[in-house]
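Peer 1: I'd like to ask you about the structure that follows.
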4 protein chains.
Amino acid sequence: MTEHKTVAIVGGSGYAGGEFLRLALGHPMLKVTQVTSERSAGLPVSLVHPNLRGRTNLKFVRAAELVDADIVVLALPHGSAAKRIAEFEGKGRVIVDLSADFRLKDPEVYRATYGEAHPTPERLGEWVYGNPELHREALRGATRIACAGCFATSVILALYPLLKLGVLLPKDIVATGLVGSSAAGASATDGSHHPERAGSLRVYKPVGHRHTAEARQELPGNFPLHLTAISTPRVRGILTTAHAWVPDGYSDRDVWSAYREVYAEEPFIRIVKVARGIHRYPDPMLLDGTNYCDLGFEMDNDTGRVVLMSAIDNLVKGTAGHAMQSLNIAHGWDERSGLDFAGLHPA
Amino acid sequence: MTEHKTVAIVGGSGYAGGEFLRLALGHPMLKVTQVTSERSAGLPVSLVHPNLRGRTNLKFVRAAELVDADIVVLALPHGSAAKRIAEFEGKGRVIVDLSADFRLKDPEVYRATYGEAHPTPERLGEWVYGNPELHREALRGATRIACAGCFATSVILALYPLLKLGVLLPKDIVATGLVGSSAAGASATDGSHHPERAGSLRVYKPVGHRHTAEARQELPGNFPLHLTAISTPRVRGILTTAHAWVPDGYSDRDVWSAYREVYAEEPFIRIVKVARGIHRYPDPMLLDGTNYCDLGFEMDNDTGRVVLMSAIDNLVKGTAGHAMQSLNIAHGWDERSGLDFAGLHPA
Amino acid sequence: MTEHKTVAIVGGSGYAGGEFLRLALGHPMLKVTQVTSERSAGLPVSLVHPNLRGRTNLKFVRAAELVDADIVVLALPHGSAAKRIAEFEGKGRVIVDLSADFRLKDPEVYRATYGEAHPTPERLGEWVYGNPELHREALRGATRIACAGCFATSVILALYPLLKLGVLLPKDIVATGLVGSSAAGASATDGSHHPERAGSLRVYKPVGHRHTAEARQELPGNFPLHLTAISTPRVRGILTTAHAWVPDGYSDRDVWSAYREVYAEEPFIRIVKVARGIHRYPDPMLLDGTNYCDLGFEMDNDTGRVVLMSAIDNLVKGTAGHAMQSLNIAHGWDERSGLDFAGLHPA
Amino acid sequence: MTEHKTVAIVGGSGYAGGEFLRLALGHPMLKVTQVTSERSAGLPVSLVHPNLRGRTNLKFVRAAELVDADIVVLALPHGSAAKRIAEFEGKGRVIVDLSADFRLKDPEVYRATYGEAHPTPERLGEWVYGNPELHREALRGATRIACAGCFATSVILALYPLLKLGVLLPKDIVATGLVGSSAAGASATDGSHHPERAGSLRVYKPVGHRHTAEARQELPGNFPLHLTAISTPRVRGILTTAHAWVPDGYSDRDVWSAYREVYAEEPFIRIVKVARGIHRYPDPMLLDGTNYCDLGFEMDNDTGRVVLMSAIDNLVKGTAGHAMQSLNIAHGWDERSGLDFAGLHPA
């Protein structure tokens, strides 16, 4: 007989927590027992996540009311999880953190990136960076999973094969992420006000994006990596284009081979490079709600530039789905559990 | 041991056929054996429906290549199914038609609505109008299912309870449907050209909408019904607001009771009327890809006007999902099979 | 030699004030001398209204710093202008109020509509309702102009001709406004948060819209008027469809004649009813930034229903442009001054 | 007394021709005498460009009906103008071509870029590249103006100052353009079908963009230039981010100085780099309908990368407005004539 694992979600009124909840409710091995929100305690979760009307009767509780669960998922603002980690470790054997708090291995890099010392630097080594494509083995049996950042994931998955295989020239790699508005979270701000945002193409992080540190940590090789992030009118999704450089004679077909070699067995990676029709490269439009990372590329043979492209749903493969896939691996379940659905078309 | 039913989809390159295919691929009891498209024969279905990449290896075949299947789903342009029905009846025991061809019972109404005589008027009586909420009993064991129209469905489900219970005054009912662009199909036209459509609020059918005939046929009572359809920048979804009239003293609470009485057991109807938060009434934003019909209402006690609201995904509850639900009933399967997922939030 | 009039805008950091500023900067007879904002005092107006970069060097001042001007335009939150009117009357000979404070003539209607007693009921008679099409004569030389409400304007201009000419049957008129997000103002709220709003079709006022009172006041005849307002993903614009009822035999051609008779000389009203192409009826897409009100209609001869349609930019013909047109009339200037530009296509 | 110049627009049913028409109708020195369209000959231009309803009574004529005009503006598909240039030279003293036909000086580059030999290579030297910021002197009195390409313009204006001043290191420059759907023209295609395009972020030209040739021709210095173009859900606008490399010690302030030095007197260039508020960098949202090119930048001092940003309306500063500005210079008129309006906010 199958035994379910219980899950508590801490900080479940935001988009990441809400998305994990959606996935967990459909997962055959999970049973969500508690969802916390200080602001909405006592209210039905479906009031905040109206897509879940009729699908759960859970009500938000305060974090202080947490009881033990097999798995505790932390969906707190960046900085909070690390400060309160002892509180949550007492509640569950497996902890998944969706924030940036435990992603970086090096406390000095953390300090340089986030502007303050890490509260528990000695614990950083306990956490596995929650990227199944790079760390599947380490995830098996893991009890501390630091979910990868969304933009970082799109950059890492696009660049990993050619870097792993040592193909790229050691020149500057420039990656641009086109990001949907949900990536900034569920709190209204002046900049998220619909009339200011709906028609906007807003460069919000031309330089200095914090996910640069994650991507450098995870990607093999020594090369300068430059990230730029631009917000678009989409709600979900990241489309990343990365410009990298290959040796003379390296061909389109070689890139195909490299991607296939590295990702052949990956259940959530699709290579999209089609010679006809209108959907020739990765497009986040097709990925809303799914855990896919679609990857594509195009060579400029005259210059040795290769344009690598990746598309994900920032809340799924970029956050909650990636975490769920990691959890599936940690527990030895089918990696697709709770994640096996197609996107929509048209969408 | 479970025995699967085989399904062939005729006209599978359009949006309705593609959506049925998406649902069928995830249905535990169905096995899609063929999908036809004259224009795309020989090509992978995932070239036309790129959301299905990695989820099926099916290629389009020509209708002439159809072999027998348990179920044949017709997703042809309006007018085609009726003309070719004999061709398809030889291929499957159960026929589901997603077009308007077999929805109307009265050939004269068909002629008045569609401007030509029905090619097989004597067969109209064999078809069950594919609306589970109104015709669940008739659908059990049915072998001819005429899937209800999308705007009609949104109108019918909103108005049915108060009409069935005889509550409404016999005054003019005015219903306005705000419709997404996918409702016009997969073929590019001058009016669907993105620069002309993206910012548009276009009244495309102020009077004379053909679904008026369906709604009149299905709704009990005698009253003038007026439909207006406006296209919006959404891709999917219909939001319908219907203005109807109740007797003095009829209250908000009475509407609640009526909806609950009629729809209490319905798996895909949710009543949405919330006093707080930002999602107080039905909104198609929350329904993309789902089979829900969300219903809401508000009373104007000063005037006896009740505003009834419904939201659906036109391609799911408005077409392919409604058809799937009908098929589930016809076969005695769990009504939710292949349809049991939540929408997204945010979306 | 032409003499300019000086203008001060009070509450210029919101959308209505900002739009009036944009128009005034391009007006040949006006010179903007001050723009107030308590929150942004000291900052360049182009920081808040970035479209005006390079077009004005004005900085916001506090209302307490106001000096005399020929014209004072009040763009304050509803309720503020009436309470502070004495303060502003000392600053300028001509006062234009963009809020709802002075639109209603009857203090009892004001109380019923806005839920509190009017602070200066004895002064209401001094104000002209700022709708040039209905009150051109009264506006000549006017020194107190209460700018009409945006949804009210779209309803009034659509219905006025057939009501003025006594054509409509005394049956319930139902009008639905599809409204852009800018109508809710410049302050971010949970409901205006882009991820919650971008894909939404949200019925925000099914019954009880306050502009009903304005429309009833201004429209001739005795009939029940019902308004419903729905927010759409557009930023600007209102599309109103009003369902009214004409006698047997009243034809399409008769509606044309009525509209022409009443609006023949109107510089900002266009009748849009085209038999070919894709732009057959009014569409707010074409009106962003313009002062036009496009009007259209369609008859349902079988039922006597006529669908009247109007489209405006809520911030221009719905607010600042309407006010500017009224000011032009009040001063005897060309009515088009500062307002004579086309919309964009595509847009 | 002012003497007007007459203008004929050839190919006026497309977006470029329509936009030139909109601007010309508001130009104090121009009188539009004819607009041609083979497909729409005989129809009112306002049927195709509904924003011009009530603003012109012109009807389309066939090109064969052209009579002499002072200025002939060619808005034909790429390749047509060069083939038919003799036909049009007989009709007007000044010819402005909005296509790509006469932009490139070197017939070999033309052949390599457009895949066929130029029909009149000997004439290429007669044309001035219509970019006022780079070629103002050459434009004075010019009678052959080849309007610059839209993406090229956004790239050129962003990069020109640092290249002109010899600041940039000779490293690969990568520029990404986010482009609105109107850039692909007025003809509906499978890819422009609203349901396929509305939610899409589509890399349509990862390598090999034809405007690379224009940008290389116009920009000083010797460096590899790489362009990538991505379509976004906006209708108008291009946002370009270009990554370039400066020497150690080159600062933010130095970039400011360079931009100011080169563009100090430019009427349509604004430098947008603001430390507070939500509109900190160029954003095409604010530029619809305007002739501005907004420029911004940000330095990554750790790496020597400078991110240069430009935003334009592709149909105005990217096409028709740029051409109008060039025409103004050619005729010795105020450069702002017909172009002096602000964008909208919100928009």
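Peer 1: Restrict the search to the range C:111-203; then list the GluC sites (Glu not before Pro) that DSSP places in a loop and that have at most 10 other Cβ atoms within 10 Å of their Cβ.
Peer 2: C:Glu116
Peer 1: Would you please give the residues with an amide H less than 5 Å from that of D:Gly130, counting only those at least 5 places away or on a separate chain, with H modeled from the backbone geometry?
Peer 2: Here D:Ala146, D:Cys147, D:Ala148 satisfy the definition.
Peer 1: Could you derive backbone 3J(HN,Hα) for the range C:75-81 from the dihedral phi with the Karplus parameters 6.51, -1.76 and 1.60 (θ = phi - 60°), listing whole Hz in sequence and x where the residue is Gly or Pro?
Peer 2: Result, ordered by residue: 10, 9, x, 3, x, 6, 4 Hz.
Peer 1: Can you give the average number of partner chain beta-carbon atoms within 10 Å of each beta-carbon in peptide B:264-273, as a whole number? Show your work: numbers first, answer last.
Peer 2: Values: counts 0, 0, 0, 1, 1, 1, 5, 2, 3, 0.
Taking all residues of B:264-273 together, the mean is 1.
Peer 1: Over the range B:150-314, calculate the relative contact order: mean separation of alpha carbon pairs under 8 Å at least 6 apart, over the residue count, as a percent. It would help to have the intermediate numbers written out before the result.
Peer 2: Details: 332 pairs, mean separation 50.8, N = 165.
Reported relative contact order: 31 percent.
Peer 1: Calculate log10 I(q)/I(0) of the range B:1-145 for q = 0.09, 0.19, 0.20, 0.21 Å⁻¹, where I(q) comes from the Debye formula with a single equal point scatterer on each Cα and nothing for solvent.
Peer 2: For the requested q values the scattering log ratios are -0.28, -1.16, -1.25, -1.33.
Peer 1: Helix D:15-25 sits at what angle to the longest principal axis of chain D, using alpha carbons and giving 0 to 90 degrees rounded to 10?
Peer 2: 70 degrees
Peer 1: Straight-line reach from B:Lys83: which lysines have a Cα under 22 Å away, not including same-chain ones fewer than 8 places off?
Peer 2: Counting by Cα, and skipping residues close in sequence, B:Lys83 has these lysines nearby: B:Lys91, B:Lys105.
Peer 1: Which value, in square angstrom to the nearest 100, describes the accessible area buried between chains D and A on both sides, using a 1.4 angstrom probe?
Peer 2: For chain D against chain A, roughly 3700 Å² becomes buried.
Peer 1: Starting from a label point 7 Å past Cα on the Cβ side, list the distances from B:Lys31 to the same position in the other copies, nm, shortest first.
Peer 2: Those separations, rounded to one decimal, come out as 3.5, 7.9, 8.6 nm.
Peer 1: Something else now. Apply the a/c threshold of 1.5 to the C-alpha gyration tensor of chain D and tell me whether it is rounded, prolate or oblate. Walk me through the numbers before you get to the answer.
Peer 2: On the way: a/c = 1.59, a/b = 1.50, b/c = 1.05.
Prolate is the answer for chain D, as a/c is 1.5 or above and a/b outweighs b/c.
Peer 1: Still on this structure, please answer the following. Report in % the part of the accessible area of the range D:150-314 that belongs to carbon and sulfur, leaving out ligands and nucleic acids; probe 1.4 Å.
Peer 2: 45 percent
Peer 1: While we're on this one: With the cut-off at 1.5 for a/c, could you classify the range D:144-193 from its C-alpha gyration tensor as rounded, prolate or oblate?
Peer 2: Details: a/c = 4.42, a/b = 1.97, b/c = 2.25.
Here the range D:144-193 falls in the oblate category.
Peer 1: Using a 7 Å offset from Cα along the direction of the beta-carbon, what are the separations from B:Leu165 to the same position in each other copy, nm, ascending?
Peer 2: Ordered by distance, the counterparts are at 4.3, 6.6, 7.5 nm.
Peer 1: With the label 7 angstrom out along Cα to Cβ, how close does C:Asp334 come to the same site in each of the other copies, in nm, nearest first?
Peer 2: Copy-to-copy label distances at C:Asp334, shortest first: 1.4, 7.2, 7.4 nm.
Peer 1: Count, for each residue of D:17-23, the Cβ atoms from other chains sitting within 10 Å of its Cβ, then give me the mean as a whole number. Please list the in-between numbers first.
Peer 2: Details: counts 0, 3, 3, 0, 1, 5, 1.
If you average over the peptide's residues, the count of other-chain Cβ atoms is 2.
Peer 1: Another one. Quick one: work out the % antiparallel among DSSP beta bridges in the protein assembly as shown, nearest 5.
Peer 2: Here the antiparallel bridges make up roughly 45 percent for the protein assembly as shown.
Peer 1: Further, regarding this structure: Could you give each residue of the range C:88-98 its phi-based ³J(HN,Hα) in whole Hz, using Karplus coefficients 6.51, -1.76, 1.60 with θ = phi - 60°, and x for Gly or Pro?
Peer 2: 8, 5, x, 9, x, 6, 10, 10, 10, 10, 8
Peer 1: Here is a follow-up. Using a probe radius of 1.4 Å on heavy atoms only, what accessible surface per residue do you get for the range C:150-314? Whole Å² is fine.
Peer 2: Heavy-atom accessible area per residue stands at 29 Å².
Peer 1: On to the next question. Put a dot 7 Å past each Cα toward the Cβ at B:Glu65 and B:Glu38; how far apart are the dots in nm?
Peer 2: The modelled label-to-label distance comes out at 1.6 nm.
Peer 1: Would you mind giving the mean number of other chain beta-carbons within 10 Å of the Cβ of each residue in C:164-173, as a whole number? Don't skip to the answer; put the middle values down first.
Peer 2: Details: counts 0, 0, 0, 0, 0, 0, 0, 2, 8, 1.
The mean count of partner-chain Cβ atoms within 10 Å per residue comes to 1.
Peer 1: With a point put 7 Å past each Cα toward its Cβ, work out how far D:Glu116 is from C:His78 in nm, to one decimal.
Peer 2: In this crude spin-label approximation the distance works out to 6.2 nm.
Peer 1: Using 1/(1 + (r/R0)^6) with R0 = 35 angstrom and r between the beta carbons of C:Asp334 and B:Lys171, what's the FRET efficiency to the nearest 0.05?
Peer 2: Working: r = 47 Å, r/R0 = 1.35.
Plugging the Cβ-Cβ distance into 1/(1 + (r/R0)^6) gives 0.15.
Peer 1: Further question: Cut-off 10 angstrom, C-alpha nodes, Gaussian network model of chain D. Which of D:Ala175, D:Ala275, D:Ala24 fluctuates the most?
Peer 2: Maximum among the listed residues: D:Ala275.
Peer 1: Given a Förster radius of 35 Å and the C-beta distance between A:Asn57 and B:His4 as r, what FRET efficiency does 1/(1 + (r/R0)^6) yield to the nearest 0.05? Mind dumping the intermediate values first?
Peer 2: Working: r = 34 Å, r/R0 = 0.96.
My answer for the efficiency is 0.55.
Peer 1: Please work out the FRET efficiency for the pair A:Ala275 and A:Asn301, using the Cβ-Cβ distance as r and a Förster radius of 25 Å; give the result to the nearest 0.05.
Peer 2: Details: r = 16 Å, r/R0 = 0.65.
The calculated FRET efficiency here is 0.95.
Peer 1: Using the Cα centre of chain C as origin and beta-carbon charges of +1 (Lys, Arg) and -1 (Asp, Glu), tell me which of C:Cys147, C:Gly54, C:Ile278 is placed farthest towards the positive end of the dipole.
Peer 2: Positive-most Cα among the choices belongs to C:Gly54.
Peer 1: Step through the table entries A:Lys59/A:Lys317; A:Lys273/D:Lys317; D:Lys164/D:Lys273; C:Lys5/C:Lys59; C:Lys164/C:Lys273; C:Lys205/C:Lys317, compare each Cα-Cα distance with 23 Å, and write down the pairs that go over it.
Peer 2: The pairs that break the limit, which is 23 Å between Cα atoms, are A:Lys59/A:Lys317; A:Lys273/D:Lys317.
Peer 1: Pick from C:Ala100, C:Ala198, C:Ala183: which is most flexible by mean-square fluctuation in a GNM of chain C where alpha carbon atoms under 10 Å apart are linked?
Peer 2: In the Gaussian network model the winner is C:Ala198.
Peer 1: Identify which of D:Gly125, D:Gly199, D:Gly185 has the largest mean-square fluctuation in a Gaussian network model of chain D, with springs joining Cα atoms closer than 10 Å.
Peer 2: Greatest mean-square fluctuation among the candidates belongs to D:Gly199.
Peer 1: Let me ask you something else. Among B:Phe20, B:Gly130, B:Ala82, which residue has its Cα positioned farthest towards the positive end of the charge dipole of chain B, with +1 placed on the Cβ of Lys and Arg, -1 on the Cβ of Asp and Glu, and the dipole taken about the Cα centre?
Peer 2: B:Phe20
Peer 1: Which order, highest average first, do A:320-330, C:220-230 follow once you tally other Cβ atoms within 10 Å for each residue and take the mean per peptide?
Peer 2: Most protected by this proxy first, the peptides run A:320-330, C:220-230.
Peer 1: Mind checking which lysines have their C-alpha under 16 Å from B:Lys171, skipping anything on the same chain fewer than 8 residues away?
Peer 2: Of all the lysines, those that pass the test against B:Lys171 - Cα under 16 Å, at least 8 places apart if same chain - are C:Lys171.
Peer 1: How far apart, in nanometres, would the label points at A:Val109 and A:Arg140 be if each is projected 7 angstrom from Cα along the Cα-to-Cβ direction?
Peer 2: 2.5 nm
Peer 1: Next question. If you average 1/r over every pair of different alpha-carbon atoms in the range C:169-282 and take one over that average, what Kirkwood value in Å do you get?
Peer 2: 16.7 Å
Peer 1: Each residue of the range C:311-323 in turn: what ³J(HN,Hα) in whole Hz from Karplus with 6.51, -1.76, 1.60 and θ = phi - 60°, glycine and Pro shown as x?
Peer 2: Whole-Hz 3J(HN,Hα) from phi for the range C:311-323: 10, 9, 8, 4, 8, 9, 4, x, 8, 5, x, 4, 5.
Peer 1: Under the 0.36 nm per residue contour assumption, what length would be gained going from the current alpha-carbon distance of C:Gln217 and C:Glu261 to full extension?
Peer 2: Length difference between fully extended and current span is 13.6 nm.
The values are calculated or read from the model by the stated rules, or taken from the named source; none is laboratory data. If you're wondering where the values come from, they're calculated on a predicted model, not measured in any experiment. Every residue, glycine as well, gets a Cβ built from its backbone with ideal geometry; the counts of neighbours run over all protein chains shown. The area values use the complete protein model at the heavy-atom level, side chains included, leaving out ligands, DNA and RNA. Shrake-Rupley method; radii C 1.70, N 1.55, O 1.52, S 1.80 Å.
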